[in-house]
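Working notes for the structure below.
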Amino acid sequence: MLRNVKLEEAQDILLSLTAPLPGETVPLLQALGRVAARDLYADQSLPPCPQAVVDGYAVCAGVNSCGGGGYVVKERLSPGKTATSPLSSGQAAYVATGCALPAGTTAVVPHEIARLSGERVVFTEEVLQGDNIREPGEDFQAGSLLVSRGTRLSPGLTSVLAAFGKNNVTVFRRPKVAVLSLGGGVVSYHNIPEPGQLRDSNGPLIAALALEDGGQVTNVEVSGGESAACLKEHLENLMQQADLVITTGGAASGDDDQATYMLKNIGAYLLFWGIKIKPGSHSGAAIVNNKIIIALSGNPAACAAGYHLLAGPVLRALQELPPYPKVLSATCTNSFHKEGGPRRFLQGYAVCDDKGWSVTILPGQKSSMLQALTKSNALIDLPAGSPPVEKDQEVSIILLYS
């Protein structure tokens, strides 16, 4: 087991042991937010044939519009109907937007500039060849790539796949995540705590973060004051149901803490314990039966930072998504007076305007406090030994949510 490792070393260890989960096929409308497990291609062009861009008249003409006599209106095409025969020179057909155009169409003239006279139509403005025609393959050519493997499906991609009749989509299976909060003084958030007890807020926090990362949360549980034998059985049951187990709390006292004792008791191999960051230094990871267990600090801000830096990348990698959030440079709008010490991650609120990115250091930066988590959308990354942060200073941020 490695002790007190650098953050990047811990991340590399975890990702080296993480492979994408198998794919599964789901209905299109259940695939939103899921990650495509294979490339999807267009099996035809879109549109498949020339279409009208406006309501009006399809005409067969030369480069310019009609002369004085206008065009003979051969037929009227309603949406979904196709022409009975091609247009010849001097002929026209009324078409609705999106209609397949008759063969021979050289332009579509908007009805706003058309005037009917018996069976003929004349136009009040010039018509140029190719006007208001949507060409075949204008949107997508047959054989073109629609969705790449590893792409999260958005509403726009859902629309594209529907246009090509992709009723079912193969996506990576959602990672199953079990969360276990350790500590005899911690009770479920459902319960009313007795004197000396605290409601579990970390379990729901981790569950919510995992859901945002595409995870499927199977359990959010509290260990209470379980005996070693019961705790061992509890953890083994969670591991049977989940691809990733995340614990919080009980990780601060080294070899005697509840987390390491529990992991050793189930025969897990400890990958690392302790990271050179603040908050979240009391974090570690283990593996047993090819499943990873990540142990996070019990302090809320430290738990949140540990999730974003360790667990989040693993969850995304299980779905073949880029594991790490964007790292950006931002101007700090306020100051932070602490200096020195290990590499520090501050909770921040980042925005982007015409001057670029700026970030505000949120109040309530103690690792035991929840306050900053209510508005935080970024982690401000301060290198070890950094001097105090001054207003208008450039800092590096990890953008958690845009």
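What to note about this one:
- Distance distribution note for the range 212-283: the fraction of Cα pairs above 14 angstrom is 65%.
- With the whole protein complex present, CYS230 retains an accessible surface near 70 Å², based on a 1.4 Å probe.
- Each residue of the range 388-398 was assigned a 3J(HN,Hα) from its phi angle through the Karplus expression (A = 6.51, B = -1.76, C = 1.60, θ = phi - 60°), giving x, 7, 9, 4, 6, 6, 7, 10, 9, 10, 9 Hz with x at Gly and Pro.
- Beta-bridge orientation, the range 269-402: approximately 90 percent antiparallel, per DSSP, counting only bridges with both partners inside.
- Normalised contact order of the chain, rounded percent, pairs of Cα under 8 Å and 6 or more residues apart: 16
- Nearest 10 degrees, 0 to 90: helix 7-16 Cα axis against the chain principal axis: 60
- Loop-located GluC sites (Glu not before Pro) in the range 75-182 whose Cβ has at most 15 other Cβ within 10 Å (DSSP): GLU119, GLU125, GLU126, GLU138
- Under a 5 Å amide H cut-off, with hydrogens placed 1.01 Å from N, ARG38 pairs with GLY150 among residues at least 5 apart or on other chains.
- If you model the chain as an ellipsoid using its alpha carbon gyration tensor, with each semi-axis the square root of five times an eigenvalue, the axes come out at 62, 26, 17 Å, biggest first.
- Sequence of TRP357, TRP273 from largest to smallest accessible area, 1.4 Å probe: TRP357, TRP273
- Residues of the range 197-226 falling in the label zone of SER368, defined by backbone nitrogen less than 19 Å from a point 7 Å along Cα to beta-carbon, are 197-203.
- Å² per residue, accessible surface of the range 153-307 at 1.4 Å: 40
- For the range 293-349, the gyration tensor built on C-alpha atoms gives an oblate shape. Its axis ratio a/c (a ≥ b ≥ c) is at least 1.5, and a/b is not larger than b/c.
- Modelled this way, with points 7 Å down the Cα-to-C-beta line, the labels at GLU194 and LYS81 are 8.1 nm from one another.
- For the chain, modelled as a GNM whose springs connect Cα atoms under 10 angstrom apart, the maximal fluctuation among SER78, SER297, SER144 occurs at SER78.
- For ARG120, the residues 5 or more places off, or on other chains, whose built amide H falls under 5 Å of its own are VAL73.
- Equivalent ellipsoid, the range 99-152 (semi-axes from 5 times Cα gyration tensor eigenvalues, Å): 37, 11, 10
- Scanning residues 5 or more positions from GLU320 or on other chains, those with amide H under 5 Å from its amide H are LEU21, with H placed 1.01 Å from N in the peptide plane.
- Using bins of 10 Å that start at zero, the share of Cα-Cα pairs per bin across the range 235-342 amounts to 14, 40, 32, 11, 4, in whole %.
- Projecting the Cα atoms of LEU7, SER223, LEU346 onto the charge dipole of the chain (Cβ charges, centred on the Cα centre) puts SER223 farthest toward the positive pole.
- The convex hull defined by the C-alpha atoms of the range 31-124 has an orientation-averaged projected area of 8.6 nm².
- FRET efficiency estimate (nearest 0.05) - Cβ-Cβ, ASP12 to GLU233, R0 35 angstrom: 0.60
- What a 1.4 Å probe finds exposed on the chain is 51% carbon and sulfur by accessible area, rounded to a whole percent.
- Pairs of lysine residues in the range 236-390 - Cα separation under 24 Å, sequence separation of 8 or more or cross-chain: 15
- Shape of the range 84-192, Cα gyration tensor, a/c cut at 1.5: prolate
The values are calculated or read from the model by the stated rules, or taken from the named source; none is laboratory data. The shown structure was predicted, so the numbers you read here are calculated from the model rather than taken from an experiment. Neighbour counts are summed over all protein chains in view; Cβ atoms, including those assigned to glycine, are modelled from backbone coordinates with ideal geometry. All accessible areas refer to the heavy atoms of the entire protein, side chains included, with ligands and DNA or RNA removed. Shrake-Rupley method; radii C 1.70, N 1.55, O 1.52, S 1.80 Å.
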